[in-house]
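Any read-out appearing in this document is the output of simple, stated calculations on the displayed coordinates, not a laboratory observation. Because the structure is predicted, anything quoted here is derived from the model rather than measured. All Cβ positions, glycine included, derive from the backbone under ideal geometry; neighbour counts span all protein chains shown.
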Amino acid sequence: MKRFRFSLRPVAVLRAHRELQTREAFGVAVGALAAAERALAATVARLRELEAMGVASRRDRFRAGEATAFQHAYQRACANAAETEQRVVAARAELQRRRAEYLEAYRQMKVVTRLEEKARGAHRREIARLEQLELDEIASLRAGRLPVLA
């Protein structure tokens, strides 16, 4: 009985390796997006906190120095929030790009896997056919050796 040998095995190995790399890159992109979203949530929370402080400070006496410092802090927080929001948008775009790469690598790997499955099936059928031929030949030899009873 001859062993199965898949001629596209090197291609399958390369595609499986590429699929693994793209899956890992996709996982990193998911983590980066989650981190960016957490940073955005923290920045927005800080912004809301500053807004609440600003409203509370206006209830008391007006102090120009404090109001100016608060305004600068608030502007920095707004700029930081906008920056963080841009990072989230960039992380989402990167995630989509990595997802597309992963799906393409997965599809390419599945094509080779299906080809290997088909080749294995054909090999099994051929081996079964050859075994059946051997069994038929053995049976016909035995039948030829039996004495004929008359």
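General observations
- Helix 9-59 vs. the chain, principal-axis angle (Cα, 0 to 90°, nearest 10): 20
- Global size of the chain: 35.2, 130 Å for Rg and Dmax (C-alpha atoms, Rg to one decimal, Dmax whole).
- Once the gyration tensor of the Cα atoms in region 33-75 is diagonalised, the equivalent ellipsoid follows with semi-axes of 27, 10, 4 Å, ordered largest first.
- Cα-centre dipole for the chain with unit charges at Cβ (Lys and Arg positive, Asp and Glu negative), debye to 20: 260
- Classified by the C-alpha gyration tensor, region 1-90 has a prolate form. Its axis ratio a/c, with a ≥ b ≥ c, is 1.5 or above, and a/b is larger than b/c.
- Net length available on complete extension from residue 34 to residue 3 is 6.3 nm, with 0.36 nm assigned per residue and the Cα-Cα distance removed.
- Positive-end ranking of 106, 32, 54 along the dipole of region 19-125, with charges on Cβ about the Cα centre, is headed by 106.
- Extension reserve of the residue 11-residue 55 stretch, reckoned as 0.36 nm per residue once the Cα distance is removed: 9.3 nm
- With contributions of -39500 (n - 2.57) from each DSSP H run of at least four residues, the per-residue ellipticity at 222 nm computed over the chain stands at -33500 deg cm²/dmol.
- In degrees, nearest ten, helix 64-145 long axis to first principal axis of the chain (Cα): 0
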